[in-house]
Amino acid sequence: MEYRYLGRSGLKVSELCLGTMQFGWTADEALSYQILDAAYEAGINFFDTADIYSTWVDGNPGGVAETILGKWLKKSAIPRQKLVIATKVRGRLGDGANDEGLSRAHIISAAENSLHRLGTDYIDLYQTHWFDENTPIEETLSALDALISQGKVRYIGCSNYPAWRLTEALWVSRLEHLAGFVSLQPHYNLVHRAEFERELEVVCRRYGLGVIPYSPLAGGFLTGKYRQDASPDSVRLEGARRYFTERNWELLDKMASLGQDRSRSVSQIALAWMLSNPVITSPIIGPHTIEQLQDNLGAAGLRLEAGEKHLLDELSTWKD
């Protein structure tokens, strides 16, 4: 497993990041521990979660993924300094007026709750889950800066920010002498490129931000398990249907061909395409079986040749 610095921070992270959204949803607690053990043994030191995972599941109040991760940290007895733990704040947890958003009140309270669920004294990377149009960015950054000063957070990042809001946040940090974002977590993959590539990519390059994309396999579409003539039962099937186009089926066929030439799976080719872009730090994988994890791990160290990447770029281009 290769390691690289997360943007201009001092955090050195594995080239694949293990996401935890599936914990307590499509992977129960026991299986979650198995996945975490296997990921760490394979060299993954970077784990991403969020306080709201997974409130959309019946009976899940949120905080479940953080709790499972925290229990694993305790029972595994892995030295805390060997791990990079990232979590997020923004969504609603509770029914109070200040139980959501990026106000100082919510951020400080949410951070304390996340620390308790994770069973740790500090969060390596604390990310704003998406922007809050109702809170001044100065207030948000001031609260995050205070958490860093208190030693409860080491670095801060953001997710799901449009380019202008990300740039605003970076400049306010400089002007007000506040801690600034070191990373962006965007929605990005071979069949969802424009959102990141249109403007965000150049901002990340210019300011040296680490990029940790979520959904690098497009909700399972880029694993090759969905076909024109048949689709397996899956909780993510409805989300994957948006990608069911003639163009994307052609892309999958070409990925399968490239994979066959290299004795690699479609998902490994999809991850390799991303890892072949130097702006990308660590794609976030979300396996909910040990078999899926092992398949994803096969992408570690894999890079596409220039001609292969160009071919996939052309087949999936979003530009007019």
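Between the Cα long axis of helix 64-76 and the first principal axis of the chain there is an angle of about 90°, rounded to the nearest 10. Both the radius of gyration and Dmax for region 29-153 are 14.8, 43 Å, in that order, over alpha-carbon atoms. Placing +1 on the Cβ of every Lys and Arg and -1 on the Cβ of every Asp and Glu, with nothing else charged, gives the chain a dipole about its Cα centre of roughly 700 debye. Loop-located GluC sites (Glu not before Pro) in region 253-320 (DSSP state other than H, G, I, E, B) with a sparse environment of at most 16 neighbouring Cβ atoms within 10 Å: GLU305. Helix 137-149 and the longest principal axis of the C-alpha atoms of the chain enclose an angle of approximately 80°. Diagonalising the gyration tensor over the Cα atoms of the chain and scaling each eigenvalue by 5 before taking the square root yields semi-axes of 31, 23, 19 Å, largest first.
Contour minus end-to-end for ARG262 and ARG174, with contour as 0.36 nm per residue of separation and end-to-end as the Cα-Cα distance? Could the numbers behind the result be given before it?
On the way: separation 88, 0.36 × 88 = 31.68 nm, distance 4.63 nm.
Net length gain for the segment: 27.0 nm.
The Cα atoms of region 133-251 define a convex hull whose projected area, averaged across directions, is 9.4 nm². Remark: LYS74, LYS319 ranked as LYS319, LYS74, counting other beta-carbon atoms within 10 Å and listing the fewest first. Each listed q (0.09, 0.12, 0.14 Å⁻¹) maps to a log10 I(q)/I(0) for region 184-320, found by the Debye formula over equal Cα scatterers with no solvent: -0.25, -0.44, -0.61. Given the C-alpha centroids of region 158-218 and region 64-142, what is the distance between them in whole angstrom? Answer, in whole Å: 19. Once the Cα atoms are used to define both axes, helix 246-262 deviates from the longest principal axis of the chain by about 80 degrees. Remark: region 81-176 projects, on average over all directions, an area of 6.2 nm² (convex hull of Cα atoms).
The numbers here are math on the coordinates, done by the rules we state, and not lab data. Remember, predicted model here, so these are calculated numbers, not experimental data. Cβ: placed from backbone, ideal geometry, glycine included. Neighbour counts: every protein chain shown.
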